[in-house]
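Inspection log for the structure reproduced underneath, given as C-alpha cells.
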Amino acid sequence: MDIYEQIVQLRREGRRGAVATITTVRGSIPSFQTAKMLVRDDGSIAGTIGGGCVEAEVWQAAREVMEEEKPRTLTFNLNNNPKYDTGLVCGGTLEVFIEPVLPPALLYVFGAGHVAYNLYKVAMIAGFEVVVVDDRESYANSERFPDAREIIADDFEDVTHRLHVPESAYIVIVTRGHRDDMRILRWAVNLNTRYLGMIGSRRKTIAIYKELEQEGIAAEKFAGIHAPIGLEIGAVTPEEIAVAIVAEMIAVRRQAIPNVPGKAISYSSRSAASERAQDALAEPAESS
C-alpha cells in the first residue's frame with residue numbers, strides 16, 4: 001500500500017495524521033525532493049524523508065501540526081548544524097512542508113424530526129457528512145434525507161450497542177422525547193467525541209444530568225456537553241436552532257472560539273424564548 005492509499009485509509013477510519021514533503025533542495029541531502037512521510041495520530045510512520053535528526057524533528061512537528069490543524073514549513077541547513085550529520089557527505093539545505101490529514105467532519109444526528117431535518121440541510125451545506133439515526137422508519141429514510149452518508153432506522157439502544165463512532169465525530173441529540181435523549185446521552189458521554197450536544201433547556205438538561213449521576217456517571221463527564229445546544233443567537237424556530245447548532249460545531253471545528261460555551265450553566269444571557277423552544281421541539285408531542 002503506497003502512502004496515498006494509507007492517507008485515504010486513515011481518513012476512512014476517522015483518524016488524523018500529517019504528511020511531510022520535501023519541497024526544496026539545495027546541495028546534497030540524504031533524500032530527494034518530493035520525498036514524503038506520513039505520521040499517523042498514534043505516532044507510527046509510513047515513508048521516509050531521509051532519517052536521522054531531520055526526520056525526528058519533522059516527526060515532532062507533524063504531531064503538532066495534526067493537533068493544531070495548521071500546515072507548517074521547516075528549513076534545515078545540514079552544513080551549519082553538526083547534529084544533522086548522518087555520516088554521509090551532505091551539506092545541503094532542504095525545506096519540508098507539513099500538512100495535516102484530517103478525517104471528514106462526520107455528524108451523527110440522533111432524531112429525525114423538525115430540528116434534525118433542518119440540521120441535516122444546514123450541516124451538509126457547511127461540509128459535514130451526516131448520519132441520521134431514529135427509531136421511526138417513516139422519518140429516517142432516504143426520501144427525507146437523500147444525501148445523508150447513512151440512515152439508520154432502528155431502536156436507539158440497539159444502534160448504540162453496535163455503532164462505532166470515531167473520536168473526531170460530532171454528535172447531536174435531538175430526539176422527540178427527553179427519555180430517548182437521556183438514553184443516548186448515557187452512551188455518548190463516554191465516547192470522548194469532538195462535539196456532543198443535546199437539545200433542551202437548562203431545566204431539562206440539569207434534570208437529566210442528575211438522573212444519570214444517580215446511576216453512577218461522574219458529574220465531570222457532563223462538563224463538555226453543549227446543552228442547551230447551539231450558539232446563543234436567540235434561535236426559536238427549528239431552522240434557526242439548526243443554524244445555531246451548526247455555527248457552534250464550526251466554531252469547535254475551526255478552533256475559532258476557545259472553550260466554546262456549551263454547558264447548561266454557560267449562557268447567562270440565553271433568552272427564555274429560545275430555551276422554551278428547545279424544550280418544546282424535544283417534547284414527545286413532536287411527531288415529525
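The values are calculated or read from the model by the stated rules, or taken from the named source; none is laboratory data. Note that this is a predicted model, so its numbers are computed, not measured. Every residue, glycine as well, gets a Cβ built from its backbone with ideal geometry; the counts of neighbours run over all protein chains shown.
Here is a yes/no grid of residues against (1) within 25 Å of Val189 (Cβ to Cβ); (2) modelled with pLDDT of 95 or more; (3) out of contact with any helix residue (DSSP H, G or I) (no Cβ under 9 Å at 6 or more places or on another chain):
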{"residue": "Met124", "(1), (2), (3)": "no, yes, yes"}
{"residue": "Val130", "(1), (2), (3)": "yes, yes, no"}
{"residue": "Glu137", "(1), (2), (3)": "no, yes, yes"}
{"residue": "Glu150", "(1), (2), (3)": "yes, yes, yes"}
{"residue": "Glu167", "(1), (2), (3)": "yes, no, yes"}
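Any residue in region 191-205 that is surrounded by fewer than 16 Cβ atoms within 10 Å (Cβ to Cβ), out of contact with any Asp or Glu (no Cβ under 9 Å at 6 or more places or on another chain) and either in a loop (DSSP other than H, G, I, E, B) or touching a residue at least 12 places away in the same chain (Cβ under 8 Å) (or both)? There is no residue in region 191-205 that is surrounded by fewer than 16 Cβ atoms within 10 Å (Cβ to Cβ), out of contact with any Asp or Glu (no Cβ under 9 Å at 6 or more places or on another chain) and either in a loop (DSSP other than H, G, I, E, B) or touching a residue at least 12 places away in the same chain (Cβ under 8 Å) (or both).
How about region 189-245: which of its residues are among the polar types (S, T, N, Q) and within 21 Å of Arg179 (Cα to Cα)? Residues satisfying the conditions are Asn190, Ser201, Thr205, Gln214. Considering only residues that are more than 11 Å from Val101 (Cα to Cα) and acidic (Asp, Glu), look in region 46-67 and name the one that is nearest to the chain's Cα centre (by Cα). Of everything passing the filter in region 46-67, Glu64 is nearest to the chain's Cα centre (by Cα). Only a single item in (1) at pLDDT 95 or above; (2) exposed (fewer than 14 other Cβ atoms within 10 Å of the Cβ) is not met by Asn80, and it is number (1). Inspect all residues belonging to region 133-148 and state whether any of them is crowded, with 19+ Cβ neighbours inside 10 Å, closer than 20 Å to Val115 by Cα, in contact (Cβ under 8 Å) with a residue 24 or more places away in the chain and basic (Lys, Arg). Within region 133-148, none of the residues are crowded, with 19+ Cβ neighbours inside 10 Å, closer than 20 Å to Val115 by Cα, in contact (Cβ under 8 Å) with a residue 24 or more places away in the chain and basic (Lys, Arg).
Residue by residue through region 1-55, note down the ones that are of a type in the set (A, V, I, L, M) and in a loop (DSSP other than H, G, I, E, B).
Once the filter is applied, which keeps residues that are of a type in the set (A, V, I, L, M) and in a loop (DSSP other than H, G, I, E, B), region 1-55 yields Met1, Ile29, Ala35, Ile49.
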